């Protein structure tokens, strides 16, 4: 994953001439820095993504990096639709997994920023999914959220494996906002 771009690389992404990118940079519209002792400009990925979004330009190859990825595991249709309503499709892409096996395959392929595990699938399976993700160093920074069913007692298991737990019925807007906050915090630290 590339973190710093030259004006030529930005020009290819934006499908414009390199001179146009230089003008954006020199006018202060596209933030970046100059290499000391040279006129060469460099644009960090986060500044490029922000610029593209602000100007309504397509993200192209940066789209997967710019969008947060959420993996919903074992959730029912009500949970899925309420979360879909509250999460902006411009900022997040939501993938679904019905079982622990499917969750493992999806996690490996999309590398989600957040995994929401619904305990409706059963407490043991939900905990096993969370613990398996935490054991894998690739998912150390992944935000894990558990959705406890109303009859599921939160005591009796190690909640530290999750960043957050919500008890059903929950406020979908609050869950969506919490996901945004935790994922954005994670991306700023990365």
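Below, the figures for the structure above:
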{"read-out": "Search result, residues across the range 53-72 that are assigned to a loop (DSSP other than H, G, I, E, B) and either within 18 Å of residue 16 (Cα to Cα) or at pLDDT 90 or above (or both)", "value": "55, 56, 57, 58, 59"}
{"read-out": "The listed residue being touching a strand residue (DSSP E or B) at 6+ places or on another chain (Cβ under 7 Å) and at positive phi, out of 74, 28, 56", "value": "74"}
{"read-out": "Qualifying positions in the range 108-132 - touching a strand residue (DSSP E or B) at 6+ places or on another chain (Cβ under 6 Å), assigned to a helix (DSSP H, G or I) and crowded, with 16+ Cβ neighbours inside 10 Å", "value": "119, 126, 129, 130"}
{"read-out": "Every residue from the range 23-70 that is in contact (Cβ under 8 Å) with a residue 40 or more places away in the chain and closer than 25 Å to residue 186 by Cβ", "value": "44, 45, 48, 60, 61, 62, 65, 68, 69, 70"}
{"read-out": "Residue 75 modelled with pLDDT under 85, within 24 Å of residue 168 (Cβ to Cβ) and touching a helix residue (DSSP H, G or I) at 6+ places or on another chain (Cβ under 9 Å)", "value": "yes"}
{"read-out": "Test for residue 109: is it modelled with pLDDT under 90, under 17 Å from the mean Cα position of the chain (by Cα) and either more than 20 Å from residue 80 (Cα to Cα) or not assigned by TED's automatic domain parsing to the domain that holds residue 74 (or both)", "value": "yes"}
{"read-out": "Test: residue 81 is loosely packed, with under 13 Cβ neighbours inside 10 Å and within 26 Å of residue 46 (Cα to Cα)", "value": "no"}
{"read-out": "Evaluation of residue 181 against (1) in a helix (DSSP H, G or I); (2) farther than 23 Å from residue 81 by Cα; (3) modelled with pLDDT under 90 (one fails), failing number", "value": "(2)"}
{"read-out": "Exclusive hit being outside any helix (DSSP H, G or I) and either in contact with a helix residue (DSSP H, G or I) (Cβ under 9 Å, 6 or more places away or on another chain) or surrounded by 14 or more Cβ atoms within 10 Å (Cβ to Cβ) (or both), set 50, 31, 19", "value": "31"}
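Residue-by-condition table, conditions (1) closer than 14 Å to residue 136 by Cβ; (2) in contact with a helix residue (DSSP H, G or I) (Cβ under 8 Å, 6 or more places away or on another chain):
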| position | (1), (2) |
| --- | --- |
| 80 | no, no |
| 85 | no, yes |
| 91 | no, yes |
| 102 | no, no |
| 111 | yes, yes |
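The values are calculated or read from the model by the stated rules, or taken from the named source; none is laboratory data. None of these values were measured; they are calculated from a predicted model. Virtual Cβ from ideal backbone geometry, glycine too; neighbours counted across all protein chains shown.
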